[in-house]
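Just below is one structure, and these are the notes that go with it.
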Amino acid sequence: MQYFLPATLKELLLVLDSESKSEIIAGGTDLIIIMEGSGERPEKLIDITNIEELIGIKEEEYGISIGAATTIAKIAANSSLPCCLRSGANSIGSPQIRNVGTVGGNICNASPCGDTLTPLICLNATLLLRSVNSQRLISVEQFFLGPKKTVLKKNEVLSEIRINKEYLSGASGFRMIGQRNGQVISQVNLAVWLQRSKESGLIEEIRIAAGSVAPTPVRIIEAEEMLCNTSPEPELIHRAALLVQASITPIDDVRSTAQYRQDVIIGLFGDIMTQLLKEPQSC
Amino acid sequence: MLIEFICNGKETRVDVPAEMRALDLIRNELLLTGTKCGCSKGECGSCTILVDGDPVCSCLLLAPKLQGKEITTIEYLERTNGELHPIQQAFIEEGAVQCGFCTPGMILSTKALLKKNSAPTVIEIEEGLSGNICRCTGYTKIIKAVQSAALKLQGAEK
């Protein structure tokens with residue numbers, strides 16, 4: 001197996017373009033398990049974690065830019081990031097996994113249960129995909145095609161994640177259910193971001209996304225529409241929760257059953273909404 | 001593949017296959033067998049080492065990722081005069097070691113935790129050690145050992 005450790009983005013894009021049969025490795029916390037389990041090795045691995053341009057969280061005019069090779073631990077600890085993204089990051093794995101795993105890896109792995117995916121959908125994040133002679137910005141919602149499948153082309157790399165200013169204000173929250181605390185994979189996860197009017201207190205905009213309940217993380221637009229321009233009382237929140245439940249299509253798998261996921265999402269949604277309306281700042 | 005890094009304070013150069021895990025490099029090439037291989041899936045934490053001071057699972061790390069880094073294994077905690085590190089002493093005094101298989105990982109996670117947070121609460125200790133599984137002691141004694149180690153280290157600073 002050949003191992004490339006490019007030091008710059010330019011070098012990475014050239015290697016990516018010229019080396020066929022290569023795979024990108026970021027933290028490797030998922031890839032190594034697959035390699036050990038199957039005994040198969042990619043012919044060439046391109047490690048992107050030595051490239052400074054891909055690491056770090058920066059304030060930009062439009063909002064915030066997160067380098068794809070930024071570790072999950074750094075995301076969880078950064079107080080300039082919205083609550084839902086920090087808690088999503090913090091619920092991944094253990095300290096050991098979060099110190100190595102990256103946000104770009106979590107996204108490109110495209111697992112339906114990735115815990116940064118639903119927060120990024122709620123925050124309407126865009127992804128910058130680069131190749132040697134082009135680059136494109138794509139909404140994170142359009143990035144996922146199915147479990148482990150994305151729109152990323154063979155010679156492309158996800159270089160950064162952008163969150164616009166308007167989504168950095170407002171309140172957001174994330175909840176997940178797993179089988180134990182620490183080191184656990186979501187059976188269901190849910191993220192909500194909302195902006196309330198300063199004058200009337202009505203919800204001006206709300207975005208809701210659920211994970212582990214469909215082949216890709218999904219936005220739940222019907223429930224968003226129900227809650228927009230309201231100041232929801234518990235009864236309306238419950239009706240919206242039922243809509244969330246009706247919008248998801250979970251399956252039975254190794255981690256949980258479809259029925260359990262259907263049941264538990266109602267509680268998760270009520271929990272997040274109550275917190276966001278009562279104590280929007282607590283993270 | 002030639003890899004250069006600092007292992008337990010010593011400059012180290014090895015030529016190993018790129019697909020070798022850091023865990024296998026540490027145990028089989030450097031013969032530092034205090035680092036244990038438990039689940040090989042990043043779940044048990046018995047292979048924990050510190051990379052630039054942060055705990056990571058060496059079973060999920062390919063050896064090339066050590067390039068240019070500074071790593072600490074359990075062997076580096078013992079003082080040069082043969083005395084145990086205060087965290088090791090605390091684990092023994094509190095009876096936080098039974099079979100001992102998880103202990104190197106527990107102690108390194110504790111070291112990283114106490115460096116960031118010199119007086120952690122029980123919840124913070126539980127979070128800090130959430131990547132390390134013990135199948136013998138039931139955690140109560142381990143948490144006590146971490147609290148006792150925190151006091152020892154605070155005392156040492158004064």
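The values are calculated or read from the model by the stated rules, or taken from the named source; none is laboratory data. Predicted, not measured: the structure shown is a model, and the values here were computed from it. Virtual Cβ from ideal backbone geometry, glycine too; neighbours counted across all protein chains shown. The accessibility values were calculated without ligands, DNA or RNA, using every heavy atom of the protein model including side chains. Shrake-Rupley method; radii C 1.70, N 1.55, O 1.52, S 1.80 Å.
Where does the stretch B:86-157 land on the Kirkwood hydrodynamic radius, alpha-carbon pairs, in angstrom? Numbers along the way, then the final one.
Working: mean 1/r = 0.0854 Å⁻¹.
This gives a value of 11.7 Å.
For the protein assembly as shown, what is the accessible area per residue in Å² when the probe is 1.4 Å? Don't skip to the end; give the middle numbers.
Working: 19800 Å² over 441 residues.
Result: 45 Å² of accessible area for each residue.
Around the Cα centre of chain B, unit charges on the Cβ atoms of Lys, Arg, Asp and Glu (plus for the first two, minus for the last two) sum to a dipole of about 240 debye. Total buried accessible area between B and A, probe 1.4 Å, nearest 100: 2000 Å². Give the residue list of GluC sites (Glu not before Pro) in the stretch A:12-97 that are DSSP loop and have at most 13 other beta-carbon atoms within 10 angstrom. Loop-located and lightly packed - A:40, A:43, A:61. The mean number of Cβ atoms from other chains found within 10 Å of a Cβ in peptide A:127-135 is 0, as a whole number. Other protein chain C-beta atoms within 10 Å of residue C-beta, averaged over A:24-37: 4.
For chain A, the relative contact order works out to 15 percent when only alpha carbon pairs closer than 8 Å and six or more residues apart are counted. With r defined as the distance between the Cβ atoms of residue A:142 and residue A:283 and R0 fixed at 30 Å, what FRET efficiency is calculated, to the nearest 0.05? The calculated FRET efficiency here is 0.60.
Surface composition of the protein assembly as shown: carbon plus sulfur atoms contribute 49% of the solvent-accessible area (1.4 Å probe, protein chains only, all chains present). Take each residue of peptide A:88-95, count the partner chain Cβ atoms within 10 Å of its Cβ, and average: the result is 5.
List the residue ranges in chain B for DSSP H helices whose C-alpha atoms run 15 angstrom or more along the long axis and whose Kyte-Doolittle average is -1.0 or above.
Values: long enough: B:103-116 (20 Å, 0.26); B:140-157 (26 Å, 0.22).
Span-like helices, by this rule, are B:103-116, B:140-157.
For the peptides A:231-239, A:207-215, the ranking by packing is A:207-215, A:231-239, with the highest mean count of neighbouring Cβ atoms within 10 Å listed first.
Roughly what % of DSSP beta bridges within the stretch A:14-92 run antiparallel, to the nearest 5?
50 percent
With one equal scatterer per alpha carbon and no solvent term, the Debye-computed log10 I(q)/I(0) for the stretch B:1-137 at 0.08, 0.19, 0.21, 0.22 1/Å reads -0.20, -1.11, -1.32, -1.42.
Over the C-alpha atoms of the protein assembly as shown, the Rg to Rh ratio, Rh being the Kirkwood estimate, stands at 0.99.
Cross-link partners for residue A:198 among the aspartates and glutamates, with Cα-Cα distance under 20 Å and sequence neighbours closer than 8 places in the same chain left out: A:166, A:224, A:225, A:233, A:279. Return the subset of B:36/B:144; B:116/B:144; A:149/B:69; A:74/A:148 for which the Cα-Cα distance in this structure is over 27 Å, preserving the input order. From the list (B:36/B:144; B:116/B:144; A:149/B:69; A:74/A:148), the Cα-Cα distance tops 27 Å for A:149/B:69. In summary, the aspartates and glutamates within cross-link reach of residue A:153, defined as a Cα separation below 15 angstrom excluding same-chain residues under 8 places away, comprise A:17, A:19, A:23.
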